[in-house]
Structures are given as structure tokens and as C-alpha cells.
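The values are calculated or read from the model by the stated rules, or taken from the named source; none is laboratory data. Here the structure is a predicted model, which means the values were calculated and not measured. We place every Cβ from the backbone using ideal geometry, glycine too, and count neighbours over all the protein chains shown. Ligands, DNA and RNA are excluded from the accessible area calculation, which covers all protein heavy atoms including side chains. Shrake-Rupley method; radii C 1.70, N 1.55, O 1.52, S 1.80 Å.
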Amino acid sequence: MKSIITPALLFLVSLLCLPVGSLAAPPNLVVFLADDAGWGDFSWSGNRQVSTPNIDSIAKGGVSLDRFYVCSVCAPTRAEFLTGRYHPRGGVSGVSTGKERLDPDEKTIADAFHAAGYATGAFGKWHNGSQWPYHPMARGFDEYFGHTAGHWGEYFDAPLEENGRMVRTQGYIVDVCTDRALDFIDRNKAHPFVCYVPFTTPHSPWTAPEKDWQRFKDKPITQRATDTKAEVDDHTRCALAMVENQDWNVGRVLDRLAQHGIDDNTIVVYFSDNGPNSHRWTGGMKGRKGTTDEGGLRSVCYIRWPAKLPAGHTVTPICGAIDLMPTLTSLAGVKRVGDKPLDGRDLTPLLMQPTADHQNTDWTEHRHFSHWANKVSVRTQTHRLDHQGNLFDMIADPGQTTPVNAQQPELAAELTAAVKAWRQEMFGTDAPAPRQPANRKKGGQSIDPRPFTVGYREFPITMLPARDGEPRGGVRRSSGAPNCSYFVNWTSTDDSMVWLIEVNTAGRYGVTIDYTCKVPDAGSTIELSFSGAKLTGKVAPGWDPPLYTNQDTLERPKGESQMKEFRTLELGQIDLPAGTGPLTLRATDIPGQSVMDVRRVTLTLLP
């Protein structure tokens, strides 16, 4: 049974336990996380093509972390922010097909604030696991609204998850999620809260609100990408339009904090999860999203707390998302939950200093390691050793144009040895692992070997999206990117789709399938089976809506699915035993040319 102890009650109990004289109001925490925004996408960074006054105001009124590093892609950064630990330690090895999941034994920043009596809510893109106990509501958040997948294919009137159930929304996805964040702040303004707003943009598809696109569609590009030939002008325009929409939403939250009179005692953080998702201006840095070079890893990070932090202060020592958990818990006076060793450091001494005097040995000798796709680079305060072993002087050569291994062989050897030691610590080997090609035959993808968890009483609804399943036979994904794909080309009784699941609780489960089916093809008999249990039903009625082709501002990347309206098929109820094994969906009779397209199977543990 879910606990009836509310965050407000926990907070009251914590106050009663405090010594006399220590009853200063704890600060609130608001964290904005952009998706695929590069360091150069903000006017505070010097971009004259975009206007981000609300995001800039966080830097003006607080502290800017000048050399702040995240990961090459989304899910690893989120894991490092949540835990203060390098992402391989927590089982995060990819961005989809289960590889994005953060191990349940890792404790998060939300766990810490929740234990301290804070109300906690997350509104937007999660990307560290969908099923309980990977779900955000199992990781310290009281409530969740958004999409748990890495990217979402519908930016207008999107179906989104609300505390475990899918709901249809109205409006642009970033505006809608911000609306929910504002509602959360309204409801919790009287006691401390954590409001986490991980935005969906400027991640593709290239879809911006029309009013924002109109400002950019004919705008000249005057500041160019480092690789000028690779820049697509309209991609730059659309990304910046999405950033300006995001800035407007940041402004709405900041205004609401001020209206409630709680802005002075609210810590506000803004950063992004990786470098830019297209070639655009980054101040001359090398690399973009997906690389372990400077341009793929450096992000803005602004932290404002008017009651305590100096305004207009810049921190120059290197730091990163991995440092935010220990820093924010320290600032708020919140005790960390969990005892696993941290890789992140408490930046409070740097944030509190009103001058740029950070040149003590403790900070200047710090190293930050970055990993993706078996590539590792390491950054010091002055140098970067790239994944090929090239050493660059980042002060004299911020664009990584000329290696200095010959001039500084001792430092090159020292950092090469440090990378080997880091690999050994993270992976048990000091050499890059051999690349394991994904099974892409007929649209397949390699799936994480950990089973997908099903059947928890505290969270009885388990969604199993196509993203997490394996297509077999002729079945394939609707696109190369699994995150917002669905299964198509189901035409034979030899075809199937399989999810490796672990049933936590034996019992009766309701089964639904989100599907489409050409009207003449309705009537196939399908079978869902697991460990000897079987459930059969008919695919009916036919449901064949058109693809959404009018949402995108620019042509959708070829790897991303065009979406459509799926209908829910009530398949029936099945008794599932506890245990691990394949959950298989197949057809036993196909009267038409195909069975159906499948977006997700949902299992609901019944009372």
C-alpha cells in the first residue's frame, strides 16, 4: 500500500527534529535541463542570432560555470546528474532498447530531497528507464508528467504519461510540460519543493511553434559552425527557434516564483545534456553531439540563489553535471541518500567565492573523464586528451587543431595512463571493448540483456513499448531510431515480437495493445504468451489513421518515425507466474495481408 505520509508532513517532522536556532526556511530547487542545446545556443555565450533573456537572467543573477562538461548524449548525462557518479557505474550504456536504464540500487538527488521532506516533481523527458523500479516515481519523485523515452515523435497535442497512464494533451509539448510544472509550484509554494523540468527541445524532430519559426525562417545565419560545410541553415534556424520557445517557458517559471514571493529562496539551475544536435555555432569548438571532443561535451550551466549566491560570478575551474548532485544537496543542507562512492565534487566553495580566485591545487589538478561508444577523452584545467590519444592545449588551441604530444610527452603519457586506469575501474579492462554490432537485420536492434520489470503493487501499470521489444521474422521497426518507433510489417504467422520480462508478482493482469490496422485486414487472431500462460484475441476493429505530416517545421530526419493516432485494443486478462522469460506476441490466423502495427503492450496487475 502506498504510504499516506505526505511531503508536507515529512517536512514538519524534520523541522521538529532540528535544533533551536536552525529553523531558516530550506530553499526550493528548480532544475531546467535542455535536450541537445549546445553551449553556443544562448545569447549569454555570445550568440547574436538568438535572444535568451530569461535563461541569461539566471547567469546574471547568479553564477556561471564557464567550463562545465556533460556527456556526449542524453541518458548518460541525466544519470550522472541524478547520482553524482559516472554513468557506466549505474548500468547506463545507451539511449534506447533498455540501455538507458539507471540501476535501481543507485540513489538520486530526488531521493535525497524527498527523504528531507521536499515535494518532488518531474515534468518532461526522463530517459533513464520507463518501468518500475526504473520509473521516475521510483527514483524519488512524487509525481511525473512527460515521456520516459529518449525522444518523442509528437510535439503538438502529444500523448504523454501522467503518473503511469497515457493522456492526450493539447498544445506544444514544451509549453504543456511547463504548464504542469507551474501547477506543481502553485500547489507546493508553501513548503519546500524540487521541480525538475527536463525539456524536450531542441532535440529533433525539427518542430517549433509557428510564432517562433516565423522569426527565424528567413533569418540570415551570421555566426557559423566550426565545420561550416556541414551546417544546414534551416536546422540552425529551427534549433534556435526552439531555444527561444524554451526561454519563454523558463521566463514563465521564473515569473511564477516571483509572483509567489519565493524566488529569493529558490535555487534555479539551467544546463543542457550534450553538445548541439546539428552543426551550428559553438565558438570555434571541435565536435557536436555524439563526440567526446570539446564541442560535444561543453554546456552552459547557470545557478542562481539570490539569498545566498553572488550575482554575476563566474567559476573558471572545470566541472560538470556529475558535480550537481553533491553541490545542490550541500547548498540546501540536505543529507545525501545512499553510500556508493561519488565521482562528483561539491562545488559550493567555488560558487560562494565572489572573485575568480580558484587557483588552488585542489581544483587545478581535477580531471573530468568523458565516455561514449567505447571512446574516452579526459579534460584537465588546461588540456584535453582525445579518444585517439592526441593531446591539445585548450588554452592556446580551444578548437583542437594541433596536437602537442611531441612538446609535452610527459603530460600525454600521464593522461593516457589515467584513461587506462579509468577504463579499468569502469569496465574491468583497460582496453576499449570490441564493438558489438547491433542486430539490425530487418529493422532489429540489440536489446539490453537486463529484463524489463513487470508487476509491482505500488505501480501496477507496466508499459512495454516497441522500443523495448525485439522484432522477429519479417517484423521491423517503423524507423532506425527505436525510441519513438512502432512495429510494422507483421504479415506472417512466423513473425513475432518479444519482450524479455521479469514478472515480480504472480497474478492476473489486464492486457491492452496500442495498435493500428488497415480496415480490410481486421480480424487476425493473436496470441500473447509467457511461461506457459496464453491469451488470445481478435484484432478489431480496423483502425487506419493517416500519418501526421503537418506537425513538422522541417523534414523529419530519416531515422525518426512519422507518427499517427493509435487505438487501444482490450485483449483480455492473463494469469502470469512470477519469473523471467520472453513475453511473445504472435498471430495464429491472418485473414488479410497484415496483422497490425504495434506501439506498445500494457500489462496491468489487477487487485
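How high is the relative contact order of region 495-607, given as a whole-number percent (alpha carbon pairs under 8 Å, six or more residues apart)?
Values: 252 pairs, mean separation 56.4, N = 113.
Relative CO of region 495-607 lands at 50 percent.
For the chain, the relative contact order works out to 17 percent when only alpha carbon pairs closer than 8 Å and six or more residues apart are counted. Amide hydrogen proximity for Gln562: with H placed 1.01 Å from N in the peptide plane, no residue at 5 or more positions away or on another chain lies under 5 Å. Computed over neighbours whose Cβ is under 9 Å from that of Pro76, the net charge equals -2, Lys and Arg +1, Asp and Glu -1. For region 303-336, there are no residues whose amide N sits under 13 Å from a probe point set 7 Å from the Cα of Asp362 along the beta carbon direction. Taking each residue as 0.36 nm, the span from Ala421 to Arg567 lengthens on full extension beyond its C-alpha to C-alpha distance by 47.4 nm.
Other residues within the sphere of radius under 14 Å centred on the Cβ of Lys340, judged by their own Cβ, net out at -4 (K and R +1, D and E -1). Couplings 3J(HN,Hα) of region 592-607, computed from phi: x, 8, 8, 8, 4, 9, 10, 9, 7, 10, 10, 10, 10, 5, 8, x Hz, in residue order, whole Hz [Karplus 6.51 cos²θ - 1.76 cosθ + 1.60, θ = phi - 60°; x for Gly and Pro]. Structural size metrics of the chain, computed from C-alpha coordinates, are Rg and Dmax of 24.4, 77 Å.
Taking Lys335, Lys219 and ordering them by how much accessible surface each has at a 1.4 Å probe, largest first, produces Lys335, Lys219. Along the charge dipole of region 492-556, which of Tyr509, Val519, Met497 sits closest to the positive end, that is, farthest toward it, with unit charges on the beta carbon of Lys, Arg, Asp and Glu (+1, +1, -1, -1)? Value computed over the given set: Tyr509. Amide H to amide H distances under 5 Å link Gly284 with Thr226, where only residues 5 or more positions off or on other chains count and H is placed in the peptide plane. Note on Asp514: accessible area is roughly 20 Å² with a 1.4 Å probe, heavy atoms of protein only. In straight-distance terms, cross-link reach from Lys211 covers every one of the lysines whose alpha-carbon lies under 19 Å from its own, apart from those fewer than eight places away in the same chain; here that gives Lys219.
So between Ala578 and Gln223, what do we pick up on full extension, going 0.36 nm a residue minus the alpha carbon distance? Kindly include the intermediate steps, with their values, before the conclusion.
Working: separation 355, 0.36 × 355 = 127.80 nm, distance 5.83 nm.
In short, 122.0 nm is gained.
Of Lys99/Lys125; Lys289/Lys375; Lys107/Lys420, which ones are farther than 21 Å apart at the Cα? Please report the intermediate quantities before stating the final value.
Values: Lys99/Lys125 16 Å; Lys289/Lys375 14 Å; Lys107/Lys420 27 Å.
In this structure, Lys107/Lys420 exceed 21 Å between Cα atoms.
Ordered by solvent-accessible area of protein heavy atoms (1.4 Å probe), largest first, the residues Glu414, Glu565, Glu143 come out as Glu414, Glu565, Glu143. For the set Asp179, Asp41, the ranking by accessible area, highest first and with no ligand, DNA or RNA atoms included, is Asp179, Asp41 under a 1.4 Å probe.
In this Cβ point-charge picture (+1 for Lys and Arg, -1 for Asp and Glu), the chain has a dipole of about 620 debye about its Cα centre. Extension gain for Ala406 to Thr505 (0.36 nm times residue separation, less C-alpha to C-alpha distance): 29.5 nm.
Of the residues Ile267, Ala587, Pro482, the one whose Cα sits farthest towards the positive end of the charge dipole of the chain is Ala587 (charges of +1 on Lys and Arg Cβ, -1 on Asp and Glu Cβ, taken about the Cα centre). If the label point is 7 Å along Cα→Cβ of Leu606, which residues in region 496-511 have backbone nitrogen under 17 Å from it? Inside the label zone: 505-511.
The 3J(HN,Hα) values that the Karplus relation (6.51, -1.76, 1.60; θ = phi - 60°) gives for region 478-486 are, in residue order, 6, 7, x, 8, x, 3, 10, 9, 9 Hz. Gly and Pro appear as x. For Thr207, the amide hydrogen comes within under 5 Å of the amide hydrogens of Thr553, counting only partners 5 or more places away or on other chains and with H modelled in the peptide plane.
Taking the Cα centre of region 521-607 as origin and charging only Cβ (+1 Lys, Arg; -1 Asp, Glu), how large is the dipole, in debye to the nearest 20? Write down the numbers at each step before the final one.
On the way: 9 positive and 11 negative charges, 31 e Å.
The calculation lands at about 160 debye.
Per-residue 3J(HN,Hα) values for region 272-286, derived from phi via the Karplus relation 6.51 cos²θ - 1.76 cosθ + 1.60 with θ = phi - 60°, read 10, 9, 5, x, x, 7, 8, 6, 8, 4, 9, x, x, 6, 8 Hz in sequence order (x marks Gly and Pro).
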